[in-house]
Amino acid sequence: MNPESPTRNPKPTLLFFCLKRTSFVEDDLALLRERYDVRVFEFGAAREAGTVAGRGVGLCRETVRQFRWLRRELPQADLVYGWFADYHLALPVLMARWAGVPVAVVIGGMDANHLPELGYGVFESRWRAPLVRRVVRGADLLLPVTQALLHTENRYATWPEPRAQGLRAHISHLQTPARVVPTGYDGAAWPIGPTERDPVVSTVAYIADARTLKIKGLDVLIEAARQLPDVTVRVVGVAEAVRGEIARAYCPPANVELLPPRPRHALTDVYAATSVYAQLSRSEGLPNVLCEAMLCGCVPVGSAVGGISEAMGSVGIEVEQPDPGHAAKQIRRALDAARPERREAARRRIVEQFSKERRRERLFAVLEEFTEPRMAC
């Protein structure tokens with residue numbers, strides 16, 4: 001730890017890195033500020049022009065800006081903490097190692113999974129993949145939000161053949177220590193809602209292109225809806241620019257509603273009017289929307305992918321293959337099982353296993369243990 005001075009903040013200093021301040025990033029920031037003097041660097045190259053040249057210029061500008069920021073902030077830092085292993089952590093990991101500052105990296109999903117047929121995941125990129133491997137190998141501690149991000153077999157996306165996923169499948173001889181710390185959710189912010197609900201199935205995902213639609217399994221859900229004509233299927237988060245494309249490619253039946261994105265705080269009304277929440281993704285970490293829907297009493301149906309099964313536990317119903325007929329059958333089972341006690345069990349599952357308090361307790365214990373030798377210096 002750096003020598004104390006009269007002006008030094010009594011809290012340890014944590015340098016926080018992210019690509020975008022998403023809801024789960026903001027949740028972690030609020031949590032970490034309870035214990036640390038948090039200083040944030042949001043890597044903004046993604047905001048540059050959409051051309052390859054524009055992205056390249058943006059990446060160079062942000063790297064220079066990040067270097068200057070690190071040179072100023074790193075001497076006072078006790079810990080470097082980043083969300084997702086990606087290019088935005090390449091320089092922080094390198095400079096932190098030179099400075100002797102420990103690095104913890106949260107692994108969330110796209111940094112551990114790879115679906116080449118959909119061009120999904122950091123390992124799809126020739127230039128990002130080697131940077132990610134350097135980040136993961138150079139970090140002192142990995143914090144995956146689910147064990148599945150270290151190693152699992154995804155049979156759903158490539159049915160019936162299994163495909164190894166997780167960091168250990170894509171980074172050979174991985175030696176970096178890892179501790180699983182699931183994300184946490186505030187039950188008070190997500191009330192359980194009514195026990196009696198219409199036969200409505202919902203899913204929430206920001207869909208801005210055809211690739212994301214397939215990653216989130218909405219092609220399967222739309223086709224399954226054809227076999228459930230008495231059920232309303234709501235897809236919340238469809239960007240206006242892709243609605244026409246979806247209509248042409250999939251001709252959604254009349255019982256499918258494609259709704260625009262909503263702010264997070266407005267989703268409680270969506271969940272309160274939902275009987276069954278469907279998460280039919282081909283790749284996932286630990287889905288926030290699934291956990292929040294369960295807190296609101298939605299009975300979950302989900303693909304056997306990533307942390308979905310871990311979140312659902314025995315309360316949910318698994319979809320084992322991306323077959324619309326099979327998905328429709330499992331959704332119907334969930335609708336038939338959506339009684340008050342099942343809704344309460346769904347909420348209880350998240351409250352007991354994935355609460356905000358549980359993440360706070362686990363995360364602070366791991367980080368304290370992780371930084372204790374340095375802080376004692």
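Under a Cβ-Cβ cut-off of 12 Å, what is the net charge of the residues other than Arg134 that fall near it, where Lys and Arg count +1 and Asp and Glu count -1?
Numbers: positive: Arg97, Arg128, Arg133, Arg137; negative: Asp86.
Neighbourhood net charge equals +3.
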Just the projected area, averaged over all directions, of the convex hull on the alpha carbon atoms of the range 76-229: how many nm²? 12.9 nm²
Where a Cα-Cα gap under 17 Å defines reach, which aspartates and glutamates qualify for Lys329, not counting those fewer than 8 residues away within the same chain? Asp219, Glu223, Asp230, Glu318, Glu320
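Contour minus end-to-end for Glu117 and Asp198, with contour as 0.36 nm per residue of separation and end-to-end as the Cα-Cα distance?
Extra length from Glu117 to Asp198 when fully extended: 25.5 nm.
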When the solvent-accessible surface of protein heavy atoms is calculated with a 1.4 angstrom probe, in what order do Ser314, Ser125 fall, highest first? Ser314, Ser125
Return the calculated 222 nm mean residue ellipticity for the chain, to the nearest 500 deg cm²/dmol, obtained by summing -39500 (n - 2.57) across DSSP H runs with n ≥ 4 and dividing by the residue count. -12000 deg cm²/dmol
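From the Cα gyration tensor of the range 242-334, with a ≥ b ≥ c the square roots of its eigenvalues, which class applies: rounded if a/c is under 1.5, or else prolate if a/b is larger than b/c, or else oblate? List each step's numbers first, then the result.
Numbers: a/c = 1.60, a/b = 1.16, b/c = 1.39.
Note, shape of the range 242-334 comes out oblate.
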Which of rounded, prolate, oblate describes the range 215-289, given a ≥ b ≥ c as roots of the alpha-carbon gyration tensor eigenvalues and a/c under 1.5 marking rounded, otherwise prolate only if a/b is larger than b/c? rounded
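Tell me the relative contact order for the range 269-342 as a rounded percent, counting alpha carbon contacts under 8 Å between residues six or more apart. Present the calculation step by step, with values, prior to reporting the outcome.
On the way: 118 pairs, mean separation 22.8, N = 74.
Computed over the range 269-342, the figure is 31 percent.
Using the Cβ atoms and a cut-off under 11 Å, what net charge is assigned to the surroundings of Thr152, where Lys and Arg are +1 and Asp and Glu are -1? It would help to have the intermediate numbers written out before the result.
Details: positive: Arg155, Arg163, Arg168; negative: Glu153, Glu284, Glu310.
Combined, the nearby Lys, Arg, Asp and Glu give 0.
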Residue separation between Arg163 and Gln227 times 0.36 nm, minus their alpha-carbon distance, gives in nm 20.1 nm
So for the chain, using the alpha carbon gyration tensor with a ≥ b ≥ c as root eigenvalues (a/c under 1.5 gives rounded; past that, a/b versus b/c decides prolate or oblate), I'd call it prolate
Can you work out ³J(HN,Hα) from phi for every residue in the range 184-201, in order, using Karplus 6.51 cos²θ - 1.76 cosθ + 1.60 and θ = phi - 60°, giving whole Hz and x for Gly and Pro? x, 10, 8, x, 5, 7, 10, x, 5, x, x, 7, 9, 9, 5, x, 10, 10
What are the ³J(HN,Hα) couplings of the range 303-311, residue after residue, when phi is run through the Karplus curve with 6.51, -1.76, 1.60 and θ = phi - 60°? Round to Hz, x for glycine and proline. 5, 7, 9, x, x, 4, 5, 4, 5
On a 0 to 90 degree scale, rounded to 10, what angle separates helix 340-353 from the longest Cα axis of the chain? 10 degrees
May I ask you to compute the full-extension gain from Ser172 to Ala210, defined as 0.36 nm times their residue separation minus their alpha-carbon distance, rounded to one decimal in nm? 10.5 nm
Using amide H atoms built in the peptide plane, which far-off residues or other-chain residues are under 5 Å from Ala178 H to H? Leu142
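Looking at the range 79-199 only, what percent of DSSP beta bridges run antiparallel? Nearest 5 please.
Values: 4 of 13 bridges.
Antiparallel: roughly 30 percent of the beta bridges in the range 79-199.
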Å² per residue, accessible surface of the chain at 1.4 Å: 44 Å²
Just to be sure I understand the curve: with the Debye formula and one point per C-alpha of the range 271-377, what is log10 I(q)/I(0) at q = 0.18 Å⁻¹? -0.81
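I'd like the carbon and sulfur percentage of the solvent accessible area for the chain, probe radius 1.4 Å, heavy atoms only, ligands and nucleic acids excluded.
Working: 8510 of 16540 Å².
Its accessible area is 51 percent carbon and sulfur atoms.
The values are calculated or read from the model by the stated rules, or taken from the named source; none is laboratory data. The structure displayed is predicted, hence computed values, not measured ones. Virtual Cβ from ideal backbone geometry, glycine too; neighbours counted across all protein chains shown. Ligands, DNA and RNA are stripped out before the accessible areas are found, and what is left, the full protein with its side chains, is counted by its heavy atoms. Shrake-Rupley method; radii C 1.70, N 1.55, O 1.52, S 1.80 Å.
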